[in-house]
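See below for the structure under consideration.
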Amino acid sequence: MGILLKNGCVVDTQNQTLSPMDLLLEGGVISAIAPGIAAKGHETIDCTGKVIAPGLVDMHVHFRDPGLTYKEDIVTGSAAAAAGGFTTVACMPNTKPVLDTPEQMHYVLEKSKSQGSCRVLPIGAVTVGQQGETLTDFCALSEAGAVAFSDDGVPVTSAVRMRDALKAAKALHKIVISHCEDGEMVKNYAVNEGEVSRQLGLPGRPAIAEDLMVARDLMLAAETGAHVHIAHVSTKGSAALIRQAKANGVSVTAETCPQYFIYTEQEILKKGTMARVNPPLRTEGDRQAILEAVLDGTLDCIVTDHAPHSVEEKARPLADAPSGMVGLETSLAACLTFLVKPGYLTVPQLIAKMSLVPAGILGLEAGALTPGGAADLCVFDPSEVWTVNPAEFRSKGRNTVFAGDQLTGRVMLTICGGAVTYRNGI
Ligand code: DOR
């Protein structure tokens, strides 16, 4: 029968506008976008005062399925995505077993299609078992549905392997997403090397460990002509290197996460393991540089790096707890609060960085509301103030640095392929 969204403020990510409009959804697609559409037996949802945006796209999540489903699975991860306004996510391969075979690609695609609340696209591993030794069969993985290649969670230590991976991905018109940290320099250390690590008497992960590998991968991309996408950029140095490489014409895109332009290493002292993440939260100078790089487009898109861990794991001492934080259910609100509210970005600019731009990097047709296009969208109240309570998350993960924070802007409705995947208060 279709759904009619009345009187919303519609985001056009391509033309960067916000206009009062109605949207009619029929048969899984957007059948009309216009003012004053009359309801003809459609379910009508009043969106007065709300923003209607394309479904958000997160190109960097960890759903832990198969094998680590006590942390998260495709059902709960995709439900968390829907609650955050996302309709498409790309999931990293550091599962158990690793997503390194066509069968694993099929597993993710089929489980998400039959039981999920959003589109879940698998990212194939770069090396077999993420062991850094043997390249996976990029061709077979791509044919089976891999949307990109990455060993995220584990840096690809060998420059030879990374060079081969870039060439193999290029031949398939796919990208490599690189987790840039020199493994030998960061070991399993918990925090940034600096003031806080010294205060705690812990060894730290130095910024140079990230900068070095970013420099290496930018040089390899330049040399091979392949495209590299730099994951979760956290340092001033990396941002500067990427900016320069773009100016030199290197085929590079890059992402960051809300935690890197909102918080610094000081959070470790207040929130302990909840603030432990790889790469680590850095200094105020890094935070400012990351913000600047988001605003000038050096960092193309915003992702969550949604990395759920169990309560028991995060209750361990700082040096023994796993790294990572969940983000799907707080990302839009955090970005509205820290980027839009202070006037750094407009709503359409932010939404593009969380939908159209990452979709484009992955070569997907998503991130824009178009008549005839998929009915993938979210509706949010840009002014609702709420307090983050991890106990209310759809995710199995409770590990967030945003717990207790007051954020402005709340997702009220998410629709994926014309089906309501999340609805709250509208
Ligand atoms: O903190 C992190 N956690 N960084 C990563 O790159 C991986 C992730 C995880 O899988 O837990």
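Table for the structure above
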{"item": "Inter-residue pairs, beta-carbon under 7 Å, first within 17 Å of residue 232 (Cβ to Cβ) and acidic (Asp, Glu) and in region 161-185, second assigned to a helix (DSSP H, G or I) and within 15 Å of the ligand (Cβ to nearest atom), 6+ apart", "result": "181/209; 181/210; 181/213; 182/209; 182/213"}
{"item": "So residue 136, is it of a type in the set (Ser, Thr, Tyr), surrounded by fewer than 24 Cβ atoms within 10 Å (Cβ to Cβ), in contact with a Ser or Thr (Cβ under 9 Å, 6 or more places away or on another chain) and more than 25 Å from residue 280 (Cα to Cα)", "result": "no"}
{"item": "Residue list for region 98-138, restricted to those being under 17 Å from the mean Cα position of the chain (by Cα) and not basic (Lys, Arg)", "result": "117, 118, 120, 121, 122, 123, 124"}
{"item": "Subset of region 254-275 (residues that are part of a loop (DSSP other than H, G, I, E, B) and either in contact with a strand residue (DSSP E or B) (Cβ under 6 Å, 6 or more places away or on another chain) or within 13 Å of the ligand (Cβ to nearest atom) (or both))", "result": "257, 265"}
{"item": "Whichever residue in region 160-182 is farther than 18 Å from residue 251 by Cβ and surrounded by fewer than 20 Cβ atoms within 10 Å (Cβ to Cβ) and, among such residues, is nearest to the chain's Cα centre (by Cα)", "result": "182"}
{"item": "Residues located in region 203-253, provided they are in a helix (DSSP H, G or I), β-branched (Val, Ile, Thr) and more than 16 Å from the ligand (Cβ to nearest atom)", "result": "208, 224, 242"}
{"item": "Helices (runs of 4 or more DSSP H) contained in region 66-177 and holding at least 3 residues within 16 Å of the ligand (Cβ to nearest atom)", "result": "74-83"}
{"item": "Residue list for region 178-188, filter: in contact with a helix residue (DSSP H, G or I) (Cβ under 8 Å, 6 or more places away or on another chain) and in a loop (DSSP other than H, G, I, E, B)", "result": "180, 181, 182"}
{"item": "Residue list for region 387-410, filter: surrounded by fewer than 23 Cβ atoms within 10 Å (Cβ to Cβ) and among the small types (Gly, Ala, Ser)", "result": "391, 403, 404"}
{"item": "Residue count, region 139-159 (criterion: farther than 24 Å from residue 242 by Cβ, buried (at least 22 other Cβ atoms within 10 Å of the Cβ) and more than 19 Å from the chain's Cα centre (by Cα))", "result": "1"}
{"item": "Matching strands (runs of 3 or more DSSP E) fully within region 1-61 where at least 2 residues are under 30 Å from residue 326 (Cβ atoms)", "result": "3-12, 17-26, 51-54, 56-61"}
{"item": "Region 220-236, residues that are within 14 Å of residue 181 (Cα to Cα) and of a type in the set (A, V, I, L, M)", "result": "230, 231, 233"}
{"item": "Scan of region 365-408 for residues that are part of a strand (DSSP E or B), free of Cβ contacts under 8 Å to residues at least 40 places away in the same chain and charged (D, E, K, R), ordered by number", "result": "384"}
{"item": "Unmet criterion (only one of (1) acidic (Asp, Glu); (2) surrounded by fewer than 23 Cβ atoms within 10 Å (Cβ to Cβ); (3) closer than 18 Å to residue 348 by Cα) for residue 46", "result": "(3)"}
{"item": "Residue 214 being under 24 Å from residue 244 (Cβ atoms), among the β-branched types (Val, Ile, Thr) and touching a Ser or Thr at 6+ places or on another chain (Cβ under 8 Å)", "result": "yes"}
{"item": "Residue ranges of helices (runs of 4 or more DSSP H) in region 276-349 with at least 1 members within 15 Å of the ligand (Cβ to nearest atom) and out of contact with any helix residue (DSSP H, G or I) (no Cβ under 7 Å at 6 or more places or on another chain)", "result": "311-314"}
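Readers should treat all values here as calculations from the given coordinates under stated rules, not as data from a laboratory. Model, not experiment: these values are computed from the prediction. Heads up, the Cβs are rebuilt from the backbone with ideal geometry, glycines too, and the neighbour counts pull from every protein chain shown.
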